[in-house]
Structures are given as C-alpha cells and as structure tokens.
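S.K.: I'd like to ask you about the structure that follows.
Every number in this text was worked out from the coordinates using simple rules, so none of it is lab data. Please read all numbers here as calculations on a predicted model, not as lab measurements. Every residue, glycine among them, receives a Cβ derived from its backbone with ideal geometry; neighbour counts consider all protein chains shown.
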Amino acid sequence: MKIAIRLAGLALKQLARHRTRSLLTMAGVATGMFLFTTIETTQHRLRAATIETASDTTLIVYRQNRFCPATSRLPEHYAPAIRRMPGVREVIPVQIVVNNCGASLDVITFRGVPADAFASESRDFEIIAGSLEQWQSRDDAALVGEQFATRRRLEPGDTFEAVGIRVHVAGIVRSPGAQENNVAHVALPFLQQAARTGLGTVTQFNVKVDSQEHLDEVAAAIDEFFATDAEPTDTRPEKAFFAQSAQDLIEIIGFTRWLGLGAVIAVVGLVANALLLVARSRVRENAILQTLGFPQLAIGLLVLWEGSLLGLAGGVAGSVGAAAFLFWYHPSMGNEGLILSLDPSLSVVIWSIVLAVVLGAVASLWPAWIAARHPIVSSLRSS
C-alpha cells in the first residue's frame, strides 16, 4: 500500500514535469466530461420528471385527444363535480399560455390560477421576494418562478411582455417542483381575457388526491363521469402526463445518449494516446528505474496512476464546470407547455468524476503493459 501511494506521488511529479502535455490532455478530458455531465444531468432530470414515486398525488385533467395547451379547452364548471368525487382533496383550474408549443430551449409559460389557489395550506413554494398580497392587489400581477426570473433578470416591480401579454412582477417564488420555478403565475380571469379564450374556459385541472394509491381510481372516475359530455377528459398522473405529452422532448434527450457515449470514447482515446506517447518517450527512464530495483509491476502501476490522475483532474474540471454552468445559466427545455429544468445534481457530478477516473485507468492499461514489458537491455540502448 505504501509503495502504491509513493508511486502516486512519483506519477504526479512526472505529470508536472511535462506541464504542457498534461494540461492539454486534462483540457481534452475536461471537455469530454463537461459534455457527458450535461447530458447525464438531462437524463437524470428526465427520469425524475417521468418516474412516479409514492409522494406523487397530483392528477392532470386534460381535454381528450388534445396535447398543446392552445387546443385543450375544458369548462371551468367541471371543478365542483371533480371536487365532490371520493378521494379528491383539491381541484385547481389552470389556464396555460405558452410562446411555443413545440420542443424549445426557451419557453415562456403563463399559468392562470384562481386567487385562492395559493392559500398557505395548499401551496408548495415559498415567496423569496415580493409578497402574495402584491399579487392579489392587482389584476395583471405575476408570481414568477425563481429560475424564470433569473433567466429574464426580473425583480419585483418589473414588467415584461410575452405572447402579447404584459404583466407586473409582484413576487419571485421558489419551489421543489421544476414547473413552478419556470413559469409566471397570474390571475385566472386576467389570463382568460388576455389570451382571448373566454371566461369559464380553462386548459386543465390540477387535482390533488388524498393518497398515491388512489390515483388510477380517481382518474378513471373523472374520465367516466365526463365521457358523454361535449368536452370529454383524459386524466393521468402528473408524471405520466409529462411522459406522454413531451414525446418530442424525450426523443431528443434520448438521442443525446449517443453524444454521451461519444464523449466517453473520446476521453479513453485521448488518455490512451497521451500515455502511449509517454511510454515511448520514457523508455530509457523506465529501464533505469528497473535497474534501480523497480519491478515491472511498479512501472505499470506508475503509468496507471498517471492515467487515473489525468482522468481525475479532467473529470473534476469538466464535471464541476458543467454543474457551475447549469447552476448559473438555469437552462430548461420545454414541450407542449411542459418544462424540464436542467438543474445540476451532486450525484451526477460525483458519478461523472468517478467515471473519469475509471476511464483514465482503463485507457492506461495498454500503455502500462507496453511500458512494463519492454526489455531493459534494448531500452537502455535506445536513444
């Protein structure tokens, strides 16, 4: 163990002796891991947005055979009937207006909700700037999600216009849900008039159920109740609704797996090439170490340490850099009015760093074998 630790120190000195080559290799590894971490973050957030858990108790009631919010119209008077159904805890009619219904990197979403939708016992966010009273005091006021406000550089008291709707920022909210952090909440009557959809018509109903076990039962009851109405419904759990409605977005994210695989292959090739050059340039030096008593295994371990250290340094730089970029920029992807926020995750960063170290070690196996197996006599004769 002590010998292995000492070899790590020697490997670090070897890398420091050739700063330019080491830095260029680390920069290449960092670039590959930056791309991999960003892609893995996207995959991680997609899984979180589509895989149901025991804490999920929200149903989305949508117009049957409709996808884009502009085409889903339901009578607002459905709310009392849904509220009376067994297992239903809360019903919130929601009007949604978006600037782009297709897959997009910059989606502006307005959500119109009743004035009492943000009662203290029902809301799942905190107001970090401004106040709820300011939102309730004027018709055109908006409570803006924290990430939305960061991208648009909005603060309480500002005004902004999108999709032909001009609103006054009354507060900034922070929520554990990605959707609330990336939308602007406005009063339902105001949005119905501004979007010219007409009073009494909404895009969907958000239904809170008393238990996750009752989701399918309540969803079936809602759809059965309105099956013969002029506007039949299609009710699904929130995450299942996201998975079904954001198919274009999911297909795009699925394709990025190939980019992640390409980044991994590039890292392996880059480290392997750099260490092969190292093994060939240090032939006489390795032979001298062997004459001093270094066994072949130690020579191979020395190269393995160099590959692992290159992977570690590049992995830390690339993964942490990607997390910092995502945290600062707050990018998001939207489709059908649904938003996938690409927030960095500590678990993804750690996984990316570990993978970079493993890739560095794997890439150094062949160079280590070459360095360890080279005959001492021929090595000493080489110029």
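S.K.: Output the direction-averaged projected area (hull surface divided by four) of the convex hull of the alpha-carbon atoms of region 65-231, in nm².
M.R.: So the mean shadow area of the Cα hull is 10.0 nm².
S.K.: While we're here: Between beta-carbons, use under 12 Å as the cut-off and find the net charge around Y78, counting Lys and Arg +1, Asp and Glu -1.
M.R.: Here the count lands on 0.
S.K.: Another question, then. Given region 65-231, what percent of its DSSP beta bridges are antiparallel, to the nearest 5?
M.R.: Of those bridges, close to 70 percent are antiparallel.
S.K.: Given H placed on each backbone N at 1.01 Å, which residues far from S345 in sequence or on other chains put an amide H within less than 5 Å of it?
M.R.: Result for S345 returns nothing.
S.K.: Then there's this: For a quick protection proxy, order the peptides 195-201, 92-98 by their average other-Cβ count within 10 Å, most packed first. Provide the component values of the computation, followed by the final result.
M.R.: Working: 195-201: 13.4, 92-98: 23.0.
So the peptides 195-201, 92-98, ranked by packing, come out 92-98, 195-201.
S.K.: Bin width 5 Å, alpha-carbon pairs only: give the P(r) of region 326-368 as whole percents, running from 0 to the bin holding the largest distance.
M.R.: Spelled out per bin, shortest first, that is 5, 18, 14, 15, 13, 12, 9, 7, 4, 2, 1.
S.K.: For the ranges 309-322, 225-238, 249-262, what's the packing order if you count other beta-carbon atoms within 10 Å of each residue, average per peptide, and put the highest first?
M.R.: 309-322, 225-238, 249-262
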